Amino acid sequence: MLTELKNLIDNFEIISFDMYDTLLFRPFMKPEDVFAYLGRLKNNKEFYTKRLSAETKARKNICNNEIQEITFNEIYNHIDDKFKNFKELEENFEAQILRPNLKMLDVYKYALSKNKKIIITSDMYFEKEFLSNILVKNGFIGFSKLYVSSKYRKAKWSGELYKIICDDLNVKPDKILHIGDNKNSDIKKASEIGINTYYFEQIKEQFIKNIENKRLVSFYNNNKNNVFTSMLLGLRIINWYNKQNDNYWQTFGYNYGGILVLAFIQAVISISKIRNISDIFFVARDGFVLNEIFKSMFDNCIKATKPHYIYASRKLRSLCINDDYKNCKYNRDSDKEYQKYINSINLQGNNILIVDTCALNYSAQTLLEKYLPDKTVIAVYLAACKNYTYNYINLFTKEFENPGFNWNIIELLLTSNEPQIVDIKNLNPVYLDNNNDNYPYELKRIESFNKTFEGEKAFVKDYLEIFKNYECDIDFKIIIEYFKNYYENLSAEDKNALKQIFHPADPEQKEYVPLYKEEINPLIAKLKANMQKSKEALNAK
């Protein structure tokens, strides 16, 4: 498609680009979701409706046949006084979040290389200088003119701004090629005065039309009033369009693991600040991804807190605590080795936060509390069974037994590139023997993990770069719905990938099962069995 556009550019002297949704993207499904996000950021949900109302009032009171566009200042002249301080916030946020269409940037650079005169044409209320700075920041340099409706008070949607452009450049309309995403203002109105046009379909529309994204459209339609749904899909769409050749597991990590890791770490940071946490224990293996991304991207968020990656599995609990815990295999040597291991940890202070994915029997917390009797310990889990014996926080509203989705998928996204841990010796973990029948399953999972981890890091990196200094805590309710939508609508590609990854699902971690297994309708299975019996009976005769 864009090769065709480059060939078309060769035939014209002046190339005009639309700005929003052509050269630049907002990471939201709808432009007005920006206001909802800012309201959430400042804990003021009312801002969303007041900001929309202010723009409507400004257009109603100012716009007429002569004045077709308002300015940003005029919008805030019509907003309640208590929201005036949002003006600078909105402008700075807009400048921060806009991201380039990398494929269109390539086309733009091609036009520059062919010595074409480039102009930018936009219907927008922001000031010309503000928009010009954003374009340059995103790599769109070398344009000769920027025509903004708020400056000229004429708009593309009426066709009047195009007339101003032709007069200003002193050229006939047929010398211009205009590229844009709006069928009316960019195509119809430009064509009516004789400007040549090229329709660039919005990437959001391209994404929606792609059959592979059908389940995401359903998810969005069911949760479109949640601003995090809009933000999450906005990030996914930009990544989908700019990087469509990623490995399955890398894409899986970006699309699903990244948002889970981000929300989990945000919760850990919030809890650490409130509870004055000195040390965070990210429990192996499910805490590996969290620990690595926390150290590399969030370490400065709570400088008084020190992260640790710690081994505290169910098997270690069984080896180190002599009680009536099921499958207990207490070993005095393991007990002593684990005490040495704990003593070797250089703790920052006395307030410990244990971070783990789930708690059915609280094995990790029980183990660590035994060896840290003089410390204040609290744990945070994505999901946990109710147990008033322990001090913990459950991030998901549903309990472990019924979280609402396939729990093994969650563990796959958060686990490490290590084989199963069976003991601690000389301060180091002892892994599953490579002669064990299950070891090949671990190797296969690790192979996929390395790609998944790349995708997770990429998502968190993109989020932090785009929303730098404007990060909102993610709603865990929407994450539950998001993962349910994935697992309840698996594609053939998903099923094939998940079938190849085996996971130890039993308490003893001996029975490895695939992450996806075709479910057979019991009635059909019974019918097939009866047919087989009948066939065998006939053969016997």
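The values are calculated or read from the model by the stated rules, or taken from the named source; none is laboratory data. Everything numeric here is computed off the predicted structure, so don't read it as measured data. Positions of Cβ are backbone-derived with ideal geometry, glycine not excepted, and every protein chain shown enters the neighbour counts. Protein only, heavy atoms only, side chains kept; ligands, DNA and RNA dropped before computing areas. Shrake-Rupley method; radii C 1.70, N 1.55, O 1.52, S 1.80 Å.
Quick notes
- Every residue from the range 126-141 that is open to solvent by less than 20 Å² (accessible area, probe 1.4 Å) and in contact with a Ser or Thr (Cβ under 8 Å, 6 or more places away or on another chain): Phe126, Leu131
- All positions within the range 305-342 that are part of a loop (DSSP other than H, G, I, E, B) and within 28 Å of Ile271 (Cβ to Cβ): Thr305, Ala312, Ser313, Ile321, Tyr325
- Filter pass, Phe25 being closer than 30 Å to Lys109 by Cα and either crowded, with 17+ Cβ neighbours inside 10 Å or hydroxyl-bearing (Ser, Thr, Tyr) (or both): yes
- Hits in the range 482-495 - residues which are out of contact with any helix residue (DSSP H, G or I) (no Cβ under 6 Å at 6 or more places or on another chain) and open to solvent by 10 Å² or more (accessible area, probe 1.4 Å): Lys484, Tyr487, Glu488, Leu490, Ser491, Ala492, Glu493, Lys495
- Here Tyr325, Tyr311 are screened, and the one residue that is within 30 Å of Gln509 (Cα to Cα) and open to solvent by less than 30 Å² (accessible area, probe 1.4 Å) is Tyr311.
- Identity of the residue in the range 42-70, touching a residue at least 60 places away in the same chain (Cβ under 8 Å) and surrounded by fewer than 19 Cβ atoms within 10 Å (Cβ to Cβ), that ends up farthest from Ser149 (Cα to Cα): Glu66
- Among all residues of the range 142-162, there is none that is among the β-branched types (Val, Ile, Thr) and either more than 24 Å from Cys63 (Cβ to Cβ) or open to solvent by 20 Å² or more (accessible area, probe 1.4 Å) (or both).
- Search result, residues across the range 113-125 that are crowded, with 19+ Cβ neighbours inside 10 Å and of a type in the set (Ser, Thr, Tyr): Thr121, Ser122
- Residues being free of Cβ contacts under 8 Å to residues at least 24 places away in the same chain, under 30 Å from Thr3 (Cα atoms), among the basic types (Lys, Arg) and part of a helix (DSSP H, G or I) are represented in the range 96-113 by at least one member.
- Screening Lys295, Lys273 for residues that are touching a strand residue (DSSP E or B) at 6+ places or on another chain (Cβ under 8 Å), part of a helix (DSSP H, G or I) and touching a residue at least 12 places away in the same chain (Cβ under 8 Å) leaves exactly one candidate, Lys295.
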